[in-house]
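Peer 1: Have a look at this one before I ask anything.
Every read-out reported here was derived from the displayed coordinates using simple, explicitly stated rules and does not represent laboratory data. Predicted model, so just to flag it, every value in this text is computed and none were measured. Backbone-built Cβ (ideal geometry, glycine too); neighbour counts: all protein chains shown.
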Amino acid sequence: MPTEITTAEYQALAELRHRIRIFLREGDFVARESGLEPQQYLMLLAIRGLPGNQEATIRALADRLAVKHHSAVELIDRLESHKLVRRTRSRDDRRRVIVSLLPRGERLLEDVARQRIGELRASGLALVHAIEALLEPGRNGRKRR
């Protein structure tokens, strides 16, 4: 039986979206201030932040950024032209291309990531509260089943 969405849930959802948009907008600003386009920062972050068992192939990076393969290639081309990343062929399968950060890419990524982590530590509680309001049904007027 479908349950009616409460006003509190609509408010919590709107608040969550608001908080996420602010975080993303500020991240884009910080990336630009560091000399990176927002998509470039996201690609560097995806390369550095892949789970330990996953190689930074173009396919894996495209999946992480939710972009098409050719868009990931174009972004990596730009990063490579700025000497932020390097492409190498896999030793196991020469068809596979592995992308890695170069020292300059590491430094730029660290500059932006340090600020973003600091921002989350300073104001992330509001984001957590917005998520909790949606995850804890008793909190927003709906009874638990």
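Peer 1: If you place +1 on the Cβ of every Lys and Arg, -1 on the Cβ of every Asp and Glu, and leave all else neutral, what size is the dipole of the chain about its Cα centre, to the nearest 20 Debye?
Peer 2: For the chain, the charge dipole is close to 400 debye.
Peer 1: Now for a different question. Expressed as a rounded percentage, what relative contact order does the chain have, with Cα pairs under 8 Å and six or more residues apart?
Peer 2: Averaging sequence separation for qualifying contacts and normalising by length gives 29 percent for the chain.
Peer 1: Note the listed values (1) 64, 13, 11; (2) 37, 19, 12; (3) 30, 17, 12, then indicate which one is semi-axes √(5λ) of the Cα gyration tensor in Å calculated from this particular structure.
Peer 2: Given (1) 64, 13, 11; (2) 37, 19, 12; (3) 30, 17, 12, the calculated one carries the label (2).
Peer 1: Just want to confirm a number: the relative contact order over the range 52-126, from Cα pairs under 8 angstrom separated by 6+ residues, in percent.
Peer 2: 24
Peer 1: In whole Å, how far is the Cα centre of the range 11-57 from that of the range 72-111?
Peer 2: Taking the Cα centre of the range 72-111 as reference, the centre of the range 11-57 is 18 Å away.
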